[in-house]
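K.L.:
Pasting in a structure now, in structure tokens, and then I'll have a few things to ask.
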Amino acid sequence: MVVEIFQERRSAEYRDCPDHTYNPTGLEGCYVQDALAKGHKLGFVSGGDHNHMGTGVTALLVKDVSQAGVMEALQSRRCYGTSGDKIFIDFRINDAFMGQEVVITDKPAIKVKIEAVSPLKSVVVFKNNKIIWQKNKARINGKSNFDFVFTDNEFDKDSYYYVRAIQDNDQIVWSSPIWCTV
């Protein structure tokens, strides 16, 4: 299952997130992080509004370039969303792709590669909706291509992780999560 994390109405990641959306329901618990916290295993996609072609872009990591391949990638949550720019992100934990569930016998080795179209101003890793690793513009040093490996030494229970990066032009990319179990 997938969820639209961004569309013309802006980001639905969490209340007051970067490029935050207006919550038309006025209800709490209507954001993507709320669904993840409830145990829903969701891949992230972005798109345009059905009335106005918005700017969101969805990328799929397909095994086969076909309609069946697209459906299989969506069902496997091997996808990610951007707010419009064609940003590439490769997010893995112990060689598991985004969207997968993996059993961890040691500590999760988080590997990320980002190829942006504009210099990056922030990169964060979320674990169970909390930031556990981050770099700001000064530490990224004006790079648009950025990769890193980070080990979560605090891993001791089932957790999910995802990555968000923001460019200088405020365009955003969100990886789909990876779920790790002990």
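K.L.:
Counting only protein heavy atoms and using a 1.4 Å probe, what share of the accessible area of the range 30-182 belongs to carbon plus sulfur, as a whole percent?
P.N.:
49 percent
K.L.:
Next up: Using a Debye calculation, one point per C-alpha and no hydration shell, please list log10 I(q)/I(0) for the chain at q = 0.10, 0.14 Å⁻¹ in order.
P.N.:
-0.37, -0.74
K.L.:
With the contact rule set at Cα under 8 Å and sequence spacing of 6 or more, what percent relative contact order holds for the range 101-182?
P.N.:
The normalised contact order for the range 101-182 reaches 40 percent.
K.L.:
Follow-up question, since we're still on this one. Need the list of aspartates and glutamates near Lys137 for cross-linking: C-alpha distance under 13 angstrom, and skip anything on the same chain fewer than eight residues off.
P.N.:
Asp168, Asp170
K.L.:
Looking at this model, which pairs from Lys113/Lys143; Lys86/Lys130; Lys113/Lys135 are more than 22 angstrom apart at the alpha-carbon? All intermediate terms of the calculation are to be shown ahead of the outcome.
P.N.:
Values: Lys113/Lys143 12 Å; Lys86/Lys130 26 Å; Lys113/Lys135 14 Å.
Pairs exceeding 22 Å: Lys86/Lys130.
K.L.:
Relative contact order (percent) for the range 80-134, with alpha-carbon contacts under 8 angstrom and 6 or more residues of separation? Present the calculation step by step, with values, prior to reporting the outcome.
P.N.:
Details: 52 pairs, mean separation 17.5, N = 55.
Taking the mean separation of contacting Cα pairs over the length of the range 80-134, I get 32 percent.
K.L.:
Counting pairs of alpha carbon atoms under 8 Å apart in space and at least six apart in sequence, what relative contact order in percent does the chain give? Numbers along the way, then the final one.
P.N.:
Working: 431 pairs, mean separation 37.6, N = 182.
That works out to 21 percent.
K.L.:
Additional query: Which of the peptides 161-174, 90-103 is most tightly packed, and how do the rest follow, going by the mean number of other Cβ atoms within 10 Å of each residue? Could you put the intermediate results ahead of the total?
P.N.:
Numbers: 161-174: 21.4, 90-103: 18.0.
Result, highest mean first: 161-174, 90-103.
K.L.:
Might you tell me the accessible area per residue for the range 52-97, computed with a 1.4 Å probe and given in Å²? Show your work: numbers first, answer last.
P.N.:
Working: 2480 Å² over 46 residues.
Solvent-accessible surface per residue comes out at 54 Å².
K.L.:
At a probe size of 1.4 Å, how large is the accessible area of Phe155, to the nearest 10 Å²?
P.N.:
Here the accessible area works out near 10 Å².
K.L.:
So if each residue of separation counts as 0.36 nm, and I subtract the Cα-Cα distance between Lys63 and Arg139, what length gain in nm does that give?
P.N.:
On the way: separation 76, 0.36 × 76 = 27.36 nm, distance 3.51 nm.
Full extension of this stretch gives 23.9 nm more.
The values are calculated or read from the model by the stated rules, or taken from the named source; none is laboratory data. Just so you know, these numbers come straight off a predicted model, no measurement behind them. Using ideal geometry, Cβ is built from the backbone for each residue, glycine included, and neighbour counts are taken over all protein chains shown. The protein model used for the area step is the full one, side chains on, heavy atoms only, and it has no ligands, DNA or RNA in it. Shrake-Rupley method; radii C 1.70, N 1.55, O 1.52, S 1.80 Å.
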